[in-house]
1. Could you run through segment 47-78 and say how many residues are at pLDDT below 90 and over 22 Å from T12 (Cα atoms)?
2. Within segment 9-28, track down each residue that is over 22 Å from V53 (Cβ atoms) and exposed (fewer than 14 other Cβ atoms within 10 Å of the Cβ).
3. Given the options L97, L77, L83, L31, name the one that is part of a helix (DSSP H, G or I) and surrounded by 12 or more Cβ atoms within 10 Å (Cβ to Cβ).
4. Show the residue pairs that are 6+ apart or on different chains and have beta-carbon atoms under 9 Å apart, the first residue being within segment 31-46 and of a type in the set (D, E, K, R), the second being in a helix (DSSP H, G or I).
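The values are calculated or read from the model by the stated rules, or taken from the named source; none is laboratory data. Treat the numbers as computed from the prediction; the structure is a model and nothing was measured. Quick reminder, even Gly has a Cβ in these numbers, built from the backbone with ideal geometry, and neighbours come from all protein chains shown.
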Amino acid sequence: MLPNIGKTYYTTNPDGSIDIKGELLRLHKELIAAFMLLLDTLIENPTMYGRAVQKVGTVLTNMQRLINALRPHQARLSLVGSLEREVGDMRMAIDDLKKKEEGGRKVLDGILGGGVK
């Protein structure tokens with residue numbers, strides 16, 4: 001479970017949706033800026049690092065929440081791909097059975113000398 005992030009750094013659209021890719025790119029830039037601020041703080045005043053570390057942690061947590069929001073979509077796409085492959089395999093097996101049935105009918109027709117239906 002993710003900790004309480006305190007502040008949300010990503011924005012939601014009026015309909016409640018989130019541009020996850022755009023927000024992740026924006027948060028990535030913000031993470032770099034927060035990390036640079038942390039480095040500056042550690043160089044200039046090492047005892048005041050707490051707020052800068054908290055900012056980096058909050059941005060990372062926001063990014064993690066957005067990435068977790070992608071998981072159901074990713075799982076759905078994986079399932080669709082798997083089912084499409086399975087349907088393709090079944091169709092190939094059905095075609096193979098139809099060919100074998102046709103071959104068997106020809107053999108029986110040749111043995112019996114008449115029409116087998």
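1. Count: 4.
2. T11, T12, N13, P14, D15, G16, S17, K21, G22, L25 - these are the residues of segment 9-28 that are over 22 Å from V53 (Cβ atoms) and exposed (fewer than 14 other Cβ atoms within 10 Å of the Cβ).
3. Answer to the check: L31.
4. D40/A52
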